[in-house]
Amino acid sequence: MTPPPPVEAATVRMPGTQFVRERGNRLKELGFAALLLIALGIALLTLLVLLLDVAIEGAGSLSPEFFTDTPSRVDPSSSGIAPAIMGTIWLMIVCAAFIIPVGVASAIYLEEYANRESRFARFVEVNVQNLAAVPSIVYGVLGLAFLVRGPLSLGNVVMAGGLTLGLLVLPVVIVAGREAIRAVPPSIREGSMALGATRWQTIWKQVLPAAIPGIATGTILALSRAIGETAPLIVVGATAFATTASTGLFDQFSALPIQIFGWTADPQEEFKALAAAAILVLMAILLSMNAIAIWLRNRYEQNW
Amino acid sequence: MEAGTQVTGGTPGGLGPLGVKRRRWGEEVIRALLFLATAISVLTTIGILVALLTESIPFFQEVGTKFFTETEWSPLFSDPQFGIWPLLNGTFLITGIAILVAIPLGLGSAVYLSEYASPRVRKTVKPILEVLVGVPTVVFGYFALAFVTPEILQALGIQVNIYNALSAGLVMGIMIVPTIASISEDAMRAVPGGLREGAYGMGATKRQVATRVVFPAAISGIVAACVLGVSRGVGETMIVLLAAGLQPNLGINPTDGYATITTFMGSAADGDNPAGSIGYESIFACGLILFVLTLIMNMIAIRFVRKYREVYE
């Protein structure tokens, strides 16, 4: 509630003088603005160079066979990403099947049932914030200890990988879901309840339908984060050179980012081009997911 | 929620049947299920702690204080050494290089977007930054190893190893820029316009407003952004795993290769270390160190963010 000290310093201690003394130094002003613009420029330019480099290196390897071949350890020319794509699809199915019900249910509970001021609600809030900042490789360790080995002992299979990714991005869905539910005005709930609906009927038939665009946007963003995660999958034991595609939840798996990692780390130079091509595929998927999320947000944005 | 109690909970006046509250078991079951779902996120935290501790405790019982007193790390060798310092050294050397890149570029971009850019430019660049935050780090790893090391560093005549801290740090810095820029721009935009107008009224120039009014007023958000940036760097795995190599190293020469906490975890968890072996346990001990480091940083960041919210809401 107090104004920040620097302003006070300028206005109270040295009324005007300090500012006036330095005014007119146009060069300094322009130089500063130029520096800022250069900072932004370098950042954006580097990222542009990254994308261009990947496109130039990878474009040559993009052929229809690239999508249907299996990776080879020796022959780059007949290597492809079929098992990696199948693995990624399976992982995303498991991940979505986990984060949508659990994330939405948590969001509903926190917004519609829990007392905002209660200790539990505040604890969950801080907890979700902290989980979002835990390094992804630590989630891999969690998956390794509980899902791959330990209590569930699933082995290094699709199910373990998908659930690990699910736990990793769950906070994204919870936060987005809560925002979407909060944006539904109380009058909708009151109207429904005044007509005799129970609390759950109100949530299920009124609040959730109105919040779906926001929840869908959050879910897509969560999946787009999960699809590029590499480190946790390395820890739970994804295989970089899978020769057959996964066909079920309890098969071993590869994934696009794992394939990219495997090819990039390969000392044979020819594999780098394959890595670049696989990056192009991954980035194309990612950008389309982001585009869908943005479109959803704009299309269904509702002003109550 | 208020409405619910009025309809089913009865009114103080006691208006006949309206006041009768019937217990609805279906509603109760649903509430319990929703609560269980919420508990999963809490259980995740507990699960992480339990996983890290149950494997770390036997590790520390065996290794003891050598973890902090020895200077060599080779838990997978036949004559294993367990000094964590080389890994911490690699982690902070590379994160340090990254931060030297990310803070000037990130804050410069943020000040430009918040104070100088036209609304149109901001509307275009901000979403680009947000998409860039989502670029998978393995892509940056590829960039560091396959482009920056051979085509930039070696082309400039810098004598670097194939795996080196410089390339990993520079690229990690670029990776962190959008995070720092995005969060600190939000903080600067949250500074009320009245403060800027007051300064302009006193004859301040645009640069003076940006550096002496907006920047100090948004400082807690900016600090939070930088701390989160450091935390992202410390927890980052793929860039260092691909570009910085696996050699534990206590030096400070950025042209050499360095192992970090995360690269050790990533490389040791390849299934060759059976559960219960000291190599397997060392993954969890490193995970514990990493978790504690990032948790502390995140707590600091949350505290700073709260502070700037308190001032202007």
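Each reported figure results from applying straightforward, stated rules to the coordinates on display, with no laboratory input. Predicted model only: the values in this text are computed from it and were never measured. All Cβ positions, glycine included, derive from the backbone under ideal geometry; neighbour counts span all protein chains shown.
Worth pointing out:
- Distant-in-sequence amide contacts of B:Q247, defined by a placed amide H-H separation under 5 Å and a gap of 5 or more residues or a different chain, comprise B:Y258, B:A259.
- Here's the picture: charge each Lys and Arg Cβ at +1 and each Asp and Glu Cβ at -1 in the protein assembly as shown, and of B:A224, B:G64, A:C95 the one pushed furthest to the positive end of that dipole is B:A224.
- Other protein chain C-beta atoms within 10 Å of residue C-beta, averaged over B:129-137: 6.
- The residue among B:P104, B:L34, B:L145 whose Cα reaches farthest toward the positive pole of the charge dipole of chain B, with charges on the beta-carbon of Lys, Arg, Asp and Glu, is B:L34.
- Reducing segment A:74-93 and segment A:227-304 to their Cα centroids gives an inter-centroid distance of 9 Å.
- Gap separating the Cα centres of segment A:96-152 and segment B:273-304, nearest whole Å: 18 Å
- Here the spin labels are modelled as points 7 Å beyond Cα on the Cα-Cβ line, and at B:K66 and B:I278 they lie 0.5 nm apart.
- Each residue of segment B:107-114 was assigned a 3J(HN,Hα) from its phi angle through the Karplus curve 6.51 cos²θ - 1.76 cosθ + 1.60 (θ = phi - 60°); the sequence is 6, x, 4, 5, 4, 4, 5, 7 Hz, with glycine and proline shown as x.
- Of the peptides B:104-112, B:232-240, the order by per-residue mean of other Cβ atoms within 10 Å, starting with the highest, comes out as B:232-240, B:104-112.
- Peptide A:52-65, shielding by other chains (average Cβ, 10 Å cutoff): 1
- Using 0.36 nm per residue and subtracting the Cα-Cα separation, the extra length available between B:V292 and B:I57 on full extension is 83.1 nm.
- Relative packing of peptides A:155-165, B:144-154 - highest average C-beta neighbours within 10 Å first: A:155-165, B:144-154
- Under Karplus coefficients 6.51, -1.76 and 1.60, residue-wise ³J(HN,Hα) of segment B:165-182 in Hz, glycine/proline x: 5, 4, 4, 4, x, 4, 5, 4, x, 4, 5, 7, 3, x, 4, 5, 4, 5
- Dipole of segment B:85-312, positive direction: furthest Cα of B:G266, B:Q208, B:I283, with charges on the beta-carbon: B:Q208
- Amide H contacts under 5 Å for B:W73: B:G83, restricted to partners 5 or more places along the chain or on a different chain, H placed in the peptide plane at 1.01 Å from N.
- Net lengthening on full extension, A:L287/A:L45 (0.36 nm per residue, minus Cα-Cα): 85.3 nm
- In Hz, Karplus ³J(HN,Hα) per residue of segment A:286-298 (6.51, -1.76, 1.60; θ = phi - 60°; x = Gly, Pro): 4, 5, 5, 4, 4, 4, 4, 4, 5, 4, 4, 4, 6
- Spatial separation of Cα centroids for segment B:130-165 and segment A:154-221, in angstrom: 39 Å
- Relative contact order for segment A:68-299, counting Cα pairs under 8 Å that sit 6 or more residues apart, in percent: 29 percent
- Per residue, the average separation of C-alpha pairs within less than 8 Å and at least 6 apart gives chain B a relative contact order of 23 percent.
- Taking Cα centre as origin and charging only the Cβ of basic (Lys, Arg, +1) and acidic (Asp, Glu, -1) residues, the dipole magnitude of segment B:189-313 rounds to 980 debye.
- Expected 222 nm ellipticity per residue - DSSP helices of 4 or more, -39500 (n - 2.57), all of the protein assembly as shown, to 500: -21500 deg cm²/dmol
- Amide H contacts of A:V134 (H built 1.01 Å from N, under 5 Å, at least 5 apart or other chain): none
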